[in-house]
Amino acid sequence: MVDLRTEIAGVRLRNPTMLASGFLDETGGSMARVYEAGAGAVVTKSIGPKPREGYPNPTIVELDAGLLNAVGLPNPGIVEYEHEVKRAKKAGAVIIGSVFGKDADEYAGVATKMASYGVQAIELNLSCPHAKGLGTEIAEDEAAVRDFTRAVKDAVSLPVFPKLSPNVQDIASFAVAAEEGGADGIVAINTVKAMAIVPELKMPFLANKFGGLSGPAIRPIGVRAVYDICEKVHIPVVGVGGIGSGRDALEYIMAGACAVQVGTAIIPKGLAVFDEIVKEMGSLLEEAGFASVSEAIGVAHA
């Protein structure tokens with residue numbers, strides 16, 4: 001029996017799968033259901049200092065290659081979100097709180113509140129590709145990644161995991177900047193800048209015009225990003241992007257990730273996807289002669 005337990009900067013997971021931010025995580029009830037369905041942890045919706053409505057519809061379009069979205073970071077605000085975290089916590093879920101803001105002080109303030117609700121770690125959404133002033137500019141500035149990470153690290157005692165953007169020339173250099181800022185781990189990647197046009201209407205599909213692409217099409221981008229990051233930093237990495245099977249997850253694990261996040265695959269497969277990924281991962285690792293998932297982390301670098 002393969003041991004699928006893993007650990008990220010002291011956060012212990014029963015298996016390497018996590019719910020990615022932005023999917024079924026606006027309420028405590030939905031996060032609890034995801035955890036009960038087999039996820040090793042859940043990441044909350046990205047929460048800011050105040051309630052935010054997000055963009056008008058249409059905000060999501062399903063493509064052959066994956067899912068294109070520009071929802072605009074809608075959220076109830078950090079004060080109201082306390083009830084949701086505590087509801088998920090009551091169900092026994094391992095919770096990572098995702099936060100955002102317009103500047104370092106807002107990130108630190110929201111993170112401090114989130115930490116007080118009992119989450120086990122903080123994820124910094126530094127890389128939303130479609131919310132102007134709330135991520136995308138930060139993710140394209142190494143000094144900002146370093147400084148924002150440091151501001152949050154100085155404000156909380158929990159592990160801090162900056163989530164990085166693939167929409168840069170060298171994502172590994174941004175991971176190094178995050179590590180210099182005190183990051184305890186890296187999450188990679190966020191969605192890829194993308195767009196869809198409706199030929200019949202001669203106009204963009206999304207109300208925001210531009211969005212972020214997730215799903216199977218970006219998995220090779222994510223795997224490469226994790227591989228490159230693991231060549232440069234000495235902190236754990238969580239892989240995200242296009243994971244819908246145990247085989248997909250193992251690509252990230254063998255590239256160096258300690259755990260993976262699952263989001264878009266929930267749409268076609270439902271919550272059963274977490275149990276399916278874990279079981280297939282265990283079978284593949286056993287066939288390959290591994291006794292634990294930790295033995296497989298980063299083996300592709302050899």
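What follows draws every value from the coordinates through simple rules; no lab data is involved. Quantities reported herein were computed from a predicted structural model and do not represent experimental measurements. So basically every Cβ, Gly included, is an ideal-geometry build from the backbone, and we count neighbours across all protein chains shown.
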Q) Lysine pairs, Cα distance under 30 Å, 8 or more residues apart or cross-chain: how many in the stretch 181-280? A) 6
Q.
Please report the antiparallel percentage of the DSSP beta bridges confined to the stretch 177-263, to the nearest 5.
A. 50
Q.
Taking the beta-carbon count within 10 Å as an exposure proxy, list Tyr55, Tyr81, Tyr107 from fewest neighbours to most.
A. Tyr55, Tyr81, Tyr107
Q | Among beta bridges that DSSP assigns inside the chain, antiparallel share in %, nearest 5 | A | 40
Q: May I ask you to derive the FRET efficiency for Ile267 and Ala143 from their Cβ-Cβ distance with R0 = 35 Å, giving the value to the nearest 0.05?
A: 0.45
(Q) I need to check one value: relative contact order of the stretch 143-268, counting alpha carbon pairs closer than 8 Å and at least 6 residues apart, in percent. (A) 22
(Q) 5 Å is the cut-off here: which amide hydrogens, built 1.01 Å from N in the peptide plane, fall below it relative to Val240, excluding neighbours closer than 5 in sequence? (A) Ala188, Ile189, Gln261
Q: Express the relative contact order of the stretch 141-201 as a whole percentage, based on alpha carbon pairs under 8 Å and six or more residues apart in sequence.
A: 41
Q: For Ala121, list long-range residues whose amide hydrogen, built 1.01 Å from N in the peptide plane, is under 5 Å from its own amide hydrogen.
A: Gly97
(Q) Projecting each Cα onto the charge dipole of the chain (Lys/Arg +1, Asp/Glu -1 at the beta carbon, about the Cα centre), which of Ile8, Gly101, Pro58 comes out farthest on the positive side? (A) Pro58
Q: Take the Cβ-Cβ distance between Thr112 and Ser173 as r, set R0 to 41 Å, and report the resulting FRET efficiency rounded to the nearest 0.05.
A: 0.90
**Q.** the chain: C-alpha gyration tensor shape, a/c 1.5 cut-off, then a/b vs b/c
**A.** rounded
Q: Multiply the residue gap between Asp105 and Lys202 by 0.36 nm, knock off their C-alpha separation, and tell me the result in nm, one decimal place.
A: 30.7 nm
(Q) For Cα pairs less than 8 Å apart in space and 6+ apart in sequence, what is the mean separation divided by the residue count of the stretch 31-105, i.e. the relative contact order in percent? (A) 44
**Q.** Spatially close lysines, pair count over the stretch 20-158: Cα under 22 Å, gap of eight or more or interchain
**A.** 19
(Q) Once R0 is set to 30 Å, what does the formula 1/(1 + (r/R0)^6) return for the Cβ-Cβ distance between Glu286 and Ala65, expressed as a FRET efficiency to the nearest 0.05? (A) 0.40
Q) Which listed residue (Val71, Ala144, Gly298) has the Cα farthest towards the positive end of the charge dipole for the chain, taking +1 on Lys and Arg C-beta and -1 on Asp and Glu C-beta about the Cα centre? A) Val71
Q | Inter-probe distance in nm under a simple model that places probes 7 Å from Cα toward Cβ, at Arg247 and Met195 | A | 3.5
Q.
Shape verdict for the stretch 158-239, please, from the Cα gyration tensor: rounded (a/c under 1.5), prolate (a/b greater than b/c) or oblate.
A. prolate
Q: Take the alpha carbon gyration tensor of the stretch 216-302, find the square roots of its eigenvalues, order them as a ≥ b ≥ c, and report rounded if a/c is under 1.5; if not, report prolate when a/b exceeds b/c, else oblate.
A: oblate
Q | Estimated vicinal HN-Hα couplings, Hz - the stretch 6-20 in sequence order (Karplus 6.51, -1.76, 1.60; Gly, Pro = x) | A | 9, 9, 10, 6, x, 8, 8, 10, 6, 7, x, 9, 9, 6, 6
Q) If we count other beta carbons within 10 Å of each Cβ, what is the order of His301, His234, fewest first? A) His234, His301
